[in-house]
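Asker: To start, I am sharing the structure in question, which I have written as structure tokens.
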Amino acid sequence: MAVLEPPRCPTCPGRPSLWKDTTSVVPARPDQWRWYCAECRGEWAPTFEQRMTFTYGS
Ligand SMILES: [Zn+2]
């Protein structure tokens with residue numbers, strides 16, 4: 001199985017990897033997660049492709 005590489009923060013100079021924030025996920029909607037940056041506290045909605053890959057592909 002391929003290792004999934006998370007995207008990097010577009011605003012932090014160190015380009016840290018983003019975390020998958022699943023705090024808003026409920027059982028009925030397993031794809032309601034966000035990318036989260038621990039450095040700038042930013043959040044990004046995943047693209048459709050990322051949503052599929054990182055929700056169901058691992
Ligand atoms: Zn950041």
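No value in this document is a laboratory result; all are computed from the given coordinates. Model, not experiment: these values are computed from the prediction. Cβ coordinates were reconstructed from backbone atoms using ideal geometry, including for glycine residues, and neighbour counts include every protein chain displayed.
Asker: What's the total number of residues in region 16-36 that are part of a loop (DSSP other than H, G, I, E, B), more than 10 Å from the ligand (Cβ to nearest atom) and not small (Gly, Ala, Ser)? Let's see the steps before the verdict.
Answerer: Residues of region 16-36 part of a loop (DSSP other than H, G, I, E, B): 16, 18, 22-25, 27-28, 30-33.
Then drop every residue that is not more than 10 Å from the ligand (Cβ to nearest atom), which leaves 22-25, 27-28, 30-33.
Filter again for not small (Gly, Ala, Ser), leaving 22-23, 25, 27, 30-33.
Number satisfying all stated conditions: 8.
Asker: I've got another one for you. Of everything in region 33-58, what is exposed (fewer than 15 other Cβ atoms within 10 Å of the Cβ) and over 9 Å from the mean Cα position of the chain (by Cα)? Give them in sequence order.
Answerer: Ala38, Glu39, Cys40, Arg41, Thr47, Phe48, Glu49, Met52, Thr53, Tyr56, Gly57, Ser58
So that you can scan it fast, the table gives a plain yes or no per residue for (1) without any contact (Cβ under 8 Å) to a residue 12 or more places away in the chain; (2) touching a Cys at 6+ places or on another chain (Cβ under 6 Å):
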residue: Gly14; (1), (2): no, no
residue: Lys20; (1), (2): no, no
residue: Arg29; (1), (2): yes, no
residue: Trp33; (1), (2): no, no
residue: Cys37; (1), (2): no, yes
residue: Cys40; (1), (2): no, yes
residue: Trp44; (1), (2): no, no
residue: Thr47; (1), (2): yes, no
residue: Thr53; (1), (2): no, no
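Asker: Here is a follow-up. Out of Pro6, Pro13, Pro46, which single residue is within 16 Å of the ligand (Cβ to nearest atom) and in contact with a helix residue (DSSP H, G or I) (Cβ under 7 Å, 6 or more places away or on another chain)?
Answerer: Details: Pro6 fails: in contact with a helix residue (DSSP H, G or I) (Cβ under 7 Å, 6 or more places away or on another chain); Pro13 fails: in contact with a helix residue (DSSP H, G or I) (Cβ under 7 Å, 6 or more places away or on another chain).
Result: Pro46 is the single residue among Pro6, Pro13, Pro46 that is within 16 Å of the ligand (Cβ to nearest atom) and in contact with a helix residue (DSSP H, G or I) (Cβ under 7 Å, 6 or more places away or on another chain).
Yes/no per residue for (1) assigned to a loop (DSSP other than H, G, I, E, B); (2) in contact with a Pro (Cβ under 8 Å, 6 or more places away or on another chain); (3) not basic (Lys, Arg):
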position: Leu4; (1), (2), (3): yes, no, yes
position: Cys12; (1), (2), (3): yes, no, yes
position: Arg41; (1), (2), (3): yes, no, no
position: Pro46; (1), (2), (3): yes, no, yes
position: Phe54; (1), (2), (3): no, yes, yes
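Asker: Specify the residue that is farthest from the chain's Cα centre (by Cα); the eligible residues are those in region 1-29 that are loosely packed, with under 12 Cβ neighbours inside 10 Å and within 15 Å of Gly57 (Cβ to Cβ).
Answerer: Met1
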